[in-house]
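The values are calculated or read from the model by the stated rules, or taken from the named source; none is laboratory data. Predicted model, so just to flag it, every value in this text is computed and none were measured. As a convention, Cβ positions derive from the backbone with ideal geometry for all residues, glycine included, and neighbour counts pool all protein chains shown.
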Amino acid sequence: MKETNSGSRTASSNQLYPRSYTGFACGKAILVGEHSVVYGAGSVAIPLKSMTVSLSLEPRNDSSEHNKLFLGGKEVSDRIADIIPDAFNLLGRKSFSLTIDGHSKIPIGAGLGSSATLCVATLRTILGSYGETFSQSGLAKLANKMEERFHGSPSGLDTAVVAHEEPILFHKGNDPKILYREDQATEASLHFALIDSKIRASTLAMIKVAKPYFMGSEGNRRLSQLDDLAMETAAAFRRHDEPAIAEAMSHNSVYLNEAGVVPEVLQQMIHKCRSLGVLGSKTTGAGGGGTLICLLDSSHWQHQLDLLKAAFPKNPVFHVSI
């Protein structure tokens with residue numbers, strides 16, 4: 001089913017009744033721009049196409065319009081399950097009784113976009129049950145409204161990269177810019193390692209911690225510098241310039257430390273990663289815990305990945321490439 005470039009739905013048939021359908025969405029990781037994106041600076045993020053949420057929808061033959069959402073075999077709380085009526089309302093569809101059975105390969109609360117992924121996947125699955133799709137930009141905007149349930153006033157970055165499934169340069173209030181490589185003929189990939197610290201913190205709490213860092217004249221200066229850093233990162237990504245991307249990640253890590261959202265234990269993990277020779281290492285997401293993202297040297301990324309797994313035997317370590 002082909003998606004339109006507008007925010008409207010596209011139907012592939014005259015289907016009147018919902019059917020069984022399975023929808024998917026992937027996670028995301030931020031290379032530069034956590035927190036500062038909320039205040040208007042640019043951010044660069046990548047999709048995690050190997051880390052997905054799948055939702056299998058089954059209509060039920062009753063008139064209760066009651067929805068059940070299971071993740072990993074367990075029924076979720078009403079706070080999470082209520083994204084289903086949210087989705088029906090935003091799509092302008094009359095709700096129907098259904099059960100959704102979900103499976104996730106994304107660690108929850110680890111800064112990898114699990115809530116944005118769930119919102120995008122829910123919209124795709126309900127639309128798919130009617131034989132319809134939605135434009136990527138329209139899907140991102142609706143999903144961002146749904147994500148307010150989890151994060152208050154999200155910037156729109158997470159749902160944008162999840163809906164588009166492409167590396168993006170993002171500014172709040174604008175459509176994302178897809179970061180296509182200048183040399184499309186190359187098959188070279190950027191390789192990253194994601195290390196789950198297994199420490200969790202509230203996104204809203206971390207936004208509150210970081211907010212003073214971006215206020216006033218000094219905050220405006222920092223936001224301008226971080227916006228420049230995002231633009232430089234986007235240009236480096238297009239060039240496949242690993243050293244420049246790594247340098248930008250390191251600079252961003254300094255800002256996050258100064259903003260107070262990188263606890264000592266994660267700073268120690270970052271230093272350990274750098275001592276093993278990775279090109280760049282930083283936290284990704286709101287901070288306070290969550291995940292480290294490491295840019296690996298593409299000439300011997302597998303060796304570096306093995307070193308990280310050996311150095312952090314109690315932490316999940318994932319490989320992603322793009």
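Yes or no, residue by residue, for (1) surrounded by fewer than 15 Cβ atoms within 10 Å (Cβ to Cβ); (2) under 30 Å from residue 238 (Cβ atoms); (3) of a type outside the set (Asp, Glu):
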| site | (1), (2), (3) |
| --- | --- |
| 41 | no, yes, yes |
| 47 | no, yes, yes |
| 55 | no, no, yes |
| 67 | no, no, yes |
| 71 | no, no, yes |
| 77 | yes, no, yes |
| 100 | no, no, yes |
(Q) Here's a check for you: in the stretch 175-230, which residue that is among the small types (Gly, Ala, Ser) and surrounded by 14 or more Cβ atoms within 10 Å (Cβ to Cβ) is farthest from residue 315 (Cα to Cα)? (A) 219
Q: For residues that are of a type in the set (Phe, Trp, Tyr), surrounded by 23 or more Cβ atoms within 10 Å (Cβ to Cβ) and assigned to a helix (DSSP H, G or I), tally how many sit in the stretch 122-174.
A: 0
Q: With the condition kept exactly as written, say whether any residue in the stretch 283-290 is modelled with pLDDT under 95, in contact with a strand residue (DSSP E or B) (Cβ under 8 Å, 6 or more places away or on another chain), buried (at least 20 other Cβ atoms within 10 Å of the Cβ) and not aliphatic (A, V, I, L, M).
A: yes
**Q.** Residues within the stretch 94-118 that are more than 12 Å from the chain's Cα centre (by Cα) and either assigned by TED's automatic domain parsing to the domain that holds residue 195 or outside any loop (DSSP other than H, G, I, E, B) (or both), tallied
**A.** 7
Q) Is at least one residue of the stretch 13-36 acidic (Asp, Glu), assigned to a loop (DSSP other than H, G, I, E, B) and either modelled with pLDDT under 55 or on the phi > 0 side of the Ramachandran plot (or both)? A) no
Q. Which of the residues that make up the stretch 97-127 are touching a strand residue (DSSP E or B) at 6+ places or on another chain (Cβ under 6 Å) and on the phi > 0 side of the Ramachandran plot?
A. 111, 113
